[in-house]
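Chemist: Just dropping this structure here.
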Amino acid sequence: MSNRAKSVRLAYTATSILVIGFIVLPLVFIVWMSFFSNKILSFPPEGYTLDWYRRAWEISDFRNGFFLSLRTSLIATCVALGLGLPASFALVRGRFKGRETINTILMSPMIVPGIVGGSALFVFFLEVEFLTGWRIAGSSIGLIIAHSLIALPWMIRLVTTSLISVPPSVEEAARSLGAGPLTVFFRVTLPVIRSGVIAGSLFAFVNSFIDLEKSIFLVGPDSTTLQIALINYLEWNFDSTIGAVATVQIGLITLLLLITDRYAKLSRAF
């Protein structure tokens with residue numbers, strides 16, 4: 001190997017380490033911080049304790065916010081799955097006017113800033129309430145609609161990516177042997193795109209679970225999501241309770257990634 005190739009390889013390795021460190025070190029510090037015994041968060045730590053995890057669970061806003069975020073994200077993921085699968089099939093297999101425009105519209109929640117999307121939904125829900133009398137803003141239904149819009153683009157993007165890799169001839173061969181549309185889907189297509197469906201569900205759930213911008217406009221006065229509870233707590237407190245809550249979220253998402261990758265290789269979905 002020439003000196004120039006060695007230099008390039010060394011520079012690439014160093015850059016990769018720096019990038020990975022830039023991403024991982026803040027997460028490591030948050031986990032470390034969650035065990036500090038300091039009453040007011042400061043460095044270096046005076047000692048270590050697990051009391052902050054108990055305190056986080058005892059705070060009703062965190063506990064209720066966690067369950068609300070979990071429930072909303074699960075429902076939003078199911079909605080995105082129910083809408084995203086047929087939408088992906090229509091976008092990949094269909095040939096109709098306006099297909100690219102529809103695809104752009106479906107992807108728009110991923111592009112539009114969350115604060116803009118949240119305020120737009122809030123105003124729209126108020127207009128609906130004014131015209132029909134149906135209260136959507138500040139209700140569970142409104143929050144689920146907003147989170148479904150967060151989840152849907154991820155589902156469509158990843159399922160579409162997997163579906164593009166499936167040759168139409170495979171499905172046509174199954175149909176030519178007498179298989180009906182549902183049989184073709186469940187026995188031929190779905191097993192092939194399973195990685196994309198699972199990855200789409202995972203990313204839909206995670207992005208819904210960690211959302212702040214849309215939720216802050218649409219939660220009711222008697223409810224709050226976990227992310228909003230964190231912001232409210234930081235307004236008056238600065239201790240390791242925040243680190244404990246963040247560590248639980250990091251652990252939950254990491255566990256989901258590991259389990260998902262174990263049964264459906266995520267690399268196949270991209």
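Chemist: What helices (runs of 4 or more DSSP H) completely inside region 21-125 contain at least 3 residues that are modelled with pLDDT of 85 or more? Even if it seems obvious, please write down each step before you answer.
Modeler: Details: elements: 51-58, 60-93, 99-111.
Counting at least 3 such residues, we get 51-58, 60-93.
Chemist: Determine which single condition residue 98 fails, assuming it passes every other condition in (1) farther than 22 Å from residue 78 by Cβ; (2) open to solvent by 50 Å² or more (accessible area, probe 1.4 Å).
Modeler: Checking residue 98 against (1) farther than 22 Å from residue 78 by Cβ; (2) open to solvent by 50 Å² or more (accessible area, probe 1.4 Å), the one that fails is (2).
Chemist: Follow-up. Within 30 Å of residue 251 (Cβ to Cβ), surrounded by fewer than 16 Cβ atoms within 10 Å (Cβ to Cβ) and out of contact with any Leu (no Cβ under 6 Å at 6 or more places or on another chain): is that true of residue 34 in this structure?
Modeler: Considered against the rule, which asks whether it is within 30 Å of residue 251 (Cβ to Cβ), surrounded by fewer than 16 Cβ atoms within 10 Å (Cβ to Cβ) and out of contact with any Leu (no Cβ under 6 Å at 6 or more places or on another chain), residue 34 comes out as no.
Chemist: Is it the case that region 160-176 has a residue that's in contact with a Pro (Cβ under 9 Å, 6 or more places away or on another chain) and among the basic types (Lys, Arg)?
Modeler: The answer is yes; a qualifying residue exists.
Chemist: Suppose we keep only residues that are part of a helix (DSSP H, G or I) and aromatic (Phe, Trp, Tyr) within region 209-245. Which one would you say is least open to solvent (accessible area, probe 1.4 Å)? If you could, list the steps in order and put the result at the bottom.
Modeler: Going through region 209-245, the residues part of a helix (DSSP H, G or I) turn out to be 209, 215-218, 226-236, 241-245.
If we keep only those that are aromatic (Phe, Trp, Tyr) too, we end up with 209, 217, 233, 236.
Working: 209: 5, 217: 64, 233: 23, 236: 204 Å².
Step by step, filter region 209-245, then rank; the result is 209.
Chemist: Follow-up question, since we're still on this one. For the structure I just gave you, tell me whether residue 92 is surrounded by 15 or more Cβ atoms within 10 Å (Cβ to Cβ), of a type in the set (A, V, I, L, M) and over 23 Å from residue 205 (Cα atoms).
Modeler: Judged against the criteria, residue 92 is a match.
The values are calculated or read from the model by the stated rules, or taken from the named source; none is laboratory data. Bear in mind the structure is a predicted one, so any value in this text is a computation, not a measurement. Note that each Cβ is placed from the backbone with ideal geometry, even for glycine, and that neighbours are counted across all protein chains shown. When the accessible area is computed, the model is the full protein with side chains, heavy atoms only, and any ligands, DNA or RNA have been set aside. Shrake-Rupley method; radii C 1.70, N 1.55, O 1.52, S 1.80 Å.
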